[in-house]
Amino acid sequence: MSTDMKVETFTLGPLQTNAYLLTVREPAAAESGQRAERAVIIDPGMNPKRLLDRIEGIKVEAILLTHAHFDHMGGVDEVRKAAGCPVYIHDLEADWLTDPRKNGSMRWQDVTPPLSTDPAEYALAEGQTLKMLGLTFRVMHTPGHSPGSVSFLCGNHLFSGDVLFKLSVGRTDLPGGRERDLYDSIRKKLYKLNPDVIVYPGHGGRTTIGYEMANNPYTGA
């Protein structure tokens with residue numbers, strides 16, 4: 001994977017959700033010493049002002065959603081309108097974007113008003129590859145936290161949403177969650193990756209696949 005890709009983390013909203021900004025410099029700009037950038041955004045959460053400020057003047061190619069819980073999609077409309085870019089989500093949660101009952105915002109009104117967005121432009125599926133920023137993103141369907149949860153693998157970087165955390169795993173007690181599916185996703189898919197793969201979770205700090213296999217108290221790998 002190109003070392004030119006930079007990963008920036010923006011911890012957004014009341015649930016401290018990690019939004020990730022992946023950027024590469026335009027080849028012509030790199031040669032001339034300028035700062036023209038292209039970007040992909042993963043999970044623009046609530047109250048995204050800091051993220052919006054950062055992407056001003058940047059060409060954003062896409063918003064990728066690991067899943068459609070409100071704390072991960074709360075900034076979608078603002079970011080999509082500012083950047084003029086499409087949104088990608090797994091088909092099993094396509095209607096969650098437009099339905100506050102499904103994305104959880106109706107249930108957590110002490111945290112957020114009911115949220116809905118326009119539909120996503122594109123659907124994601126297991127094994128799909130996306131060509132963005134001159135790089136390849138592999139889509140891994142990793143249900144359990146929610147039915148349409150996906151993880152994105154780009155080179156040595158895995159964006160795991162709320163499936164795998166540092167020394168923890170995603171909750172399965174929300175509508176559509178299933179504990180068996182979650183552990184299957186982690187053990188049969190994520191733990192098959194190279195141990196050196198860096199994991200960027202939806203909350204908390206980054207980790208690696210190898211560290212979690214050796215130390216995560218929930219997965220028993």
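The values are calculated or read from the model by the stated rules, or taken from the named source; none is laboratory data. If you're wondering where the values come from, they're calculated on a predicted model, not measured in any experiment. So basically every Cβ, Gly included, is an ideal-geometry build from the backbone, and we count neighbours across all protein chains shown. Accessible surface areas use protein heavy atoms only, side chains included; no ligands, DNA or RNA. Shrake-Rupley method; radii C 1.70, N 1.55, O 1.52, S 1.80 Å.
Quick notes on this one:
- Any hit, segment 24-37, residues being more than 22 Å from C154 (Cα to Cα) and of a type in the set (V, I, T): no
- Scanning segment 193-210 for residues that are within 16 Å of G144 (Cβ to Cβ) and either in a helix (DSSP H, G or I) or open to solvent by less than 40 Å² (accessible area, probe 1.4 Å) (or both) yields V199, P201, G202.
- Condition broken by P114, with the remaining ones in (1) closer than 24 Å to M46 by Cβ; (2) open to solvent by 70 Å² or more (accessible area, probe 1.4 Å); (3) free of Cβ contacts under 8 Å to residues at least 24 places away in the same chain satisfied: (2)
- You will find that of N47, N18, the residue that is farther than 23 Å from K166 by Cβ and among the polar types (S, T, N, Q) is N47 and no other.
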